[in-house]
Amino acid sequence: MKTLRINFSHEDLTRVRLADGYDAMWELVLSVQQLSFPGEHVPYFAGWRRRAVRALTARGLEGSLRRLAQLVPMGPYFPDFLTPSGQRSSLGDGLEMVLGTPVRRVRAEVSELAATFRRPPTWFNALAHGEAGVLNQVGDAAFGYHDAVLAPYEQPLTTIVRGDLAERSRALAAGGVDRLLSGLHPSVRWESPIMSVDYPVEAELHLNGRGLLLIPALFGVQVITLADGDLSPVLVYPVSRPPVWDLSQDHDDHLRALSELLGPTRTAALQLVASGVTTTALASALGVSASAASRHATALRGAGLVRTIRQGQRVLHSRTGLGDALLAGSTG
């Protein structure tokens, strides 16, 4: 893992600000990545992924997802114009900005994206040359995708993001910018005036008095910023979230009873090991240390609810039949 270094001036420290809510375009882009690239799957989204795949298939939108995924690969680069600077809580407002991007900028950014492919999709060439029909097709794909897999969850998305922003606002009020930035995410190290972030590529961002907008993202799995350092600076960070996204509408009395029996963290661990996870992945999803995750897995294994096997250098935990039976009817 490489490092992104963000350089703050004294003026920048007075101009760090939190977004007002979620950003529709960032959530769309990051959710496409979470749905399209299995190697990056986070257990938290397992229930949402199952429902999203069913919804897209039912509406015949697999092609829309494929086109969006080609534009936002899980790699070191995707075009900045897809996530316009500043906060856009409305998808319509965000897509209006995207569709209004100057052709010269679209050409430059799509060309940079194409260079990351061994064989770029053939439609990239038409998009890079500003063919309005192709860009409109991207807009249509985004609208259809959003309606199928994001709009139904707008209320919980809003609630989770607002909860995170409230927590960050309290940190800012209690300890100033230093506390806010030092507690932003485990991948972030803050030693004023430099922020260092674990990042896919080596990069440096000089704020130069422009300040920094912090945008929470439910679908985020790592801290990310725009590729072009000349654009208005933003830093998108994963929200603080529970281990499992409970999508049940009735909040499942059985799961609550099980949480009272096993404890909420251990119950979440039992849900997360459905198809096999490493201790490290389990710890990350639960928001605990690796040693704590190992203790939870050991306790569940001792109760016959989890099995543990070694595959090469990895240790994988998965549910037993008894564990499945105990959770029957409690997963979304």
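The table that follows gives values for the structure above.
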{"quantity": "Any hit, region 280-295, residues being in contact with a Phe, Trp or Tyr (Cβ under 9 Å, 6 or more places away or on another chain) and closer than 21 Å to residue 241 by Cα", "calculated": "yes"}
{"quantity": "Qualifying position, being surrounded by 19 or more Cβ atoms within 10 Å (Cβ to Cβ), under 30 Å from residue 24 (Cα atoms), at pLDDT 75 or above and not β-branched (Val, Ile, Thr), among 231, 270, 247, 235", "calculated": "235"}
{"quantity": "Matching residues, region 39-83, being of a type in the set (Lys, Arg) and within 16 Å of residue 222 (Cα to Cα)", "calculated": "none"}
{"quantity": "Qualifying residue in region 197-211 (condition: outside the structural domain of residue 94 (by TED's automatic domain parsing), over 25 Å from residue 76 (Cβ atoms) and not hydrophobic (A, V, I, L, M, F, W, C))", "calculated": "yes"}
{"quantity": "Long-range neighbours under 9 Å by Cβ, at least six apart or interchain, first residue within 21 Å of residue 320 (Cβ to Cβ) within region 281-300, second of a type in the set (Phe, Trp, Tyr) and part of a helix (DSSP H, G or I)", "calculated": "285/44"}
{"quantity": "Single unsatisfied condition, residue 204 versus (1) surrounded by 16 or more Cβ atoms within 10 Å (Cβ to Cβ); (2) part of a strand (DSSP E or B)", "calculated": "(1)"}
{"quantity": "Total residues in region 230-248, condition in a strand (DSSP E or B) and either of a type outside the set (A, V, I, L, M, F, W, C) or more than 11 Å from the chain's Cα centre (by Cα) (or both)", "calculated": "4"}
{"quantity": "Breaking point among (1) of a type outside the set (Asp, Glu); (2) in contact with a strand residue (DSSP E or B) (Cβ under 7 Å, 6 or more places away or on another chain); (3) within 13 Å of residue 8 (Cβ to Cβ), for residue 189", "calculated": "(3)"}
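For (1) in the same structural domain as residue 38 (by TED's automatic domain parsing); (2) touching a residue at least 12 places away in the same chain (Cβ under 8 Å); (3) within 20 Å of residue 203 (Cα to Cα), each residue gets a yes or a no:
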| residue | (1), (2), (3) |
| --- | --- |
| 52 | yes, yes, no |
| 56 | yes, yes, no |
| 70 | yes, yes, no |
| 78 | yes, yes, yes |
| 98 | yes, yes, no |
| 104 | yes, no, no |
| 108 | yes, no, yes |
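The values are calculated or read from the model by the stated rules, or taken from the named source; none is laboratory data. Small disclaimer: the values here were computed from a predicted structure and weren't measured. As a convention, Cβ positions derive from the backbone with ideal geometry for all residues, glycine included, and neighbour counts pool all protein chains shown.
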